[in-house]
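Structure, as structure tokens:
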Amino acid sequence: MTHIKSVAAAAALLIAFAAPAFAGDVLNPNQLKQLAPGRFLVSVYGTSMTVTLRSNGSVVGASKTDSDSGHWNLNGNRLCIGWNNWLGGKTRCSTLVTQAGYYQGSGFTFRRI
């Protein structure tokens, strides 16, 4: 069951194709590039996990009970992440907004740690 929560958290983090849910500044491609390298605390529907974006395009995610790795890239003003196992290995993209030190997409919030 906790594995399902981790996968659901990763899915919610990256399947957001709709506009983010709160008002803020949409990150442009230059701002998105500045996210890597970086480590982030992600909250998805009450589940916490860490996600590390590396400057070589790799990504690592971990919750208390599960972990995965994959790749990230930019597609215009969207951050795209493909996990090796989570989400069936499919790449998902999302626009992000920033407000008061937090980043947000549809259904998830994160901050740099």
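Derivation of every value follows stated rules applied to the coordinates shown; laboratory data play no part. Every value quoted in this text rests on a predicted model; they were computed, and no experiment measured them. When we count neighbours, we look across all protein chains shown, and the Cβ atoms used for this are built from the backbone with ideal geometry, even at glycine.
Remark: spin-label model distance Ser58-Lys90 equals 2.6 nm, labels positioned 7 Å along the Cα→Cβ axis. Label positions at Thr50 and Tyr102, each projected 7 Å from the Cα along the C-beta direction, are separated by 2.1 nm.
Please give the net charge around Val42, taking every other residue with its beta carbon less than 12 angstrom from that of Val42, where Lys and Arg add +1 and Asp and Glu add -1. The partial results should precede the final answer.
Numbers: positive: Arg39, Arg111, Arg112; negative: none.
Value of the local net charge: +3.
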